[in-house]
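To start, the structure itself, in structure tokens.
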Amino acid sequence: MEHSRKKRHTWPFFLLLLAVTILFLWWGNQSLQTAEFDFVSSRLPDGFDGCRIVVLSDLHGAEFGDGNADLFEKVSAQQPDYIFYLGDLEDRYRGSTPGYAASVADGLTAIAPTYYVTGNHEWAIGDVPELKETLSEHGVTVLSNRFLTLERDGAEIVLAGIDDPNGYADQKTPEQLAVEIFAEYGDPFWLLLAHRNNKFVEEYSLLGADLVLSGHGHGGIIRLPFTDGLLSVDRTFFPSYTAGLYNENGSSLFVTRGLGNSGSSFRIFNRPEIAVLTLHKG
């Protein structure tokens, strides 16, 4: 009789714990977090000192507020000079949603000039040419293995972007793109937008870019103290280069933790991130 009474008293505790856990997981995957970072370089042209860039990635078809209204409001509040979107706009497991890409493009370009490179999920879905055309028609500059110059306060820097390795087999390589940049500009300060963070050490850091910006890593999915995340997107343990700034081979890398989740995965201690990167002459 006493054992039965204890079980009855235990049930409310477990139900409360379950409810708190569900609420915490929901909040941790739906509540946007703005994170500020500073990149300092003596090579940065004076006109770009103080330039603010909002770095976004890996939406995977998610919505924050009706039509992503909450996302656009928080991005706008940062007053960015530029917005860089680093791939995986939609998710291979959910497929394309009609009007989604156009809606995101309209929302971001209304705030600041927006630049985009593909991720692996766009190519897995298989409608990349149509997606690029849609984004371009709605004001986004799509960087498909090409480069251009950005101007600010009388100064110029080079911005380059590459398609994900899942793209066409005969596409221009990152190495070829780097050769073209140096041939045209000499030794410029340049930024490279490249979706995959895990290619930085062995490939992207060797190209000569001053700063590479990537997503893909989802912050290690589960963030634990003193780690760079518990799981990679390839499901290996304790990945590296998943969030923040890193330096290798004379080049720097910035990785955003991204916004959404792929398939049925979810984040723990790793809220969706609006990253704000400020460039400093130093």
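Only the coordinates and a few stated rules stand behind these numbers; no lab work does. Since the model is a prediction, treat every value here as computed from it, not as a measurement. Heads up, the Cβs are rebuilt from the backbone with ideal geometry, glycines too, and the neighbour counts pull from every protein chain shown.
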Problem - Stretchable slack from Arg43 to Asp187, in nm (0.36 nm times residue separation minus alpha-carbon distance) - result: 50.8 nm
Practice task
Just order 88-99, 123-134, 184-195 by mean Cβ neighbour count inside 10 Å, highest at the front, would you?
Solution key: 184-195, 88-99, 123-134
Fill in the blank from the handout: If one compares the long axis through the Cα atoms of helix 100-109 with the longest principal axis of the Cα atoms of the chain, the angle in degrees, nearest 10, works out at 60 degrees
Fill in the blank from the handout: For the pair Phe269 and Glu248, the simple spin-label estimate (label points 7 Å beyond Cα toward Cβ) gives in nm 2.4 nm
Handout entry: Whole-number D in µm² s⁻¹ for region 1-159, Kirkwood Cα-pair radius fed into Stokes-Einstein, 37 °C, 0.692 mPa s
Key = 177 µm²/s
Handout entry: Nitroxide proxy distance, nm - points 7 Å out along Cα→Cβ at Thr97 and Thr149
Key = 4.0 nm
Exercise for the section: List the trypsin sites (Lys or Arg not before Pro) within region 215-282 that fall in a DSSP loop (any state other than H, G, I, E or B) and whose Cβ has at most 10 other Cβ atoms within 10 Å. Expected result: Arg235
Practice task
Return the calculated 222 nm mean residue ellipticity for the chain, to the nearest 500 deg cm²/dmol, obtained by summing -39500 (n - 2.57) across DSSP H runs with n ≥ 4 and dividing by the residue count.
Solution key: -8500 deg cm²/dmol
Exercise for the section: Could you tally up the Lys pairs in the chain with alpha carbons closer than 28 Å? Skip any pair fewer than 8 positions apart unless they're on separate chains. Expected result: 6
Handout entry: Share of alpha-carbon pairs per 10 Å distance bin for the chain, given as whole %
Key = 6, 29, 35, 19, 6, 3, 2, 1, 0
Handout entry: Cα-based convex hull volume of region 206-282 per residue, rounded to whole Å³
Key = 112 Å³
Exercise for the section: Give me the distance in nm between label points sitting 7 Å out from Cα along the Cα-to-Cβ direction at Thr34 and Ser240, one decimal. Expected result: 3.3 nm
Exercise for the section: At most 11 other Cβ atoms within 10 Å and a DSSP loop assignment: could you name the chymotrypsin sites (Phe, Trp or Tyr not before Pro) in region 195-267 that fit? Expected result: Phe226
Problem - Cα Rg over Rh - region 8-71, Kirkwood - result: 1.27
Problem - Added length on full extension, which subtracts the Cα-Cα distance from 0.36 nm per residue, Ser76 to Phe14 - result: 18.2 nm
Completion exercise
Env charge @ Ile157, Cβ radius under 10 Å, K,R +1 / D,E -1, value -1
Problem - Contour excess over end-to-end distance, with Cα ends at Arg52 and Ser136 and 0.36 nm allotted per residue - result: 28.0 nm
Completion exercise
In units of 2.2 N^0.38 Å, the Cα radius of gyration of region 111-230 is 1.14
Problem - Radius of gyration and Dmax over the Cα atoms of region 160-273, both given in Å - result: 15.0, 47
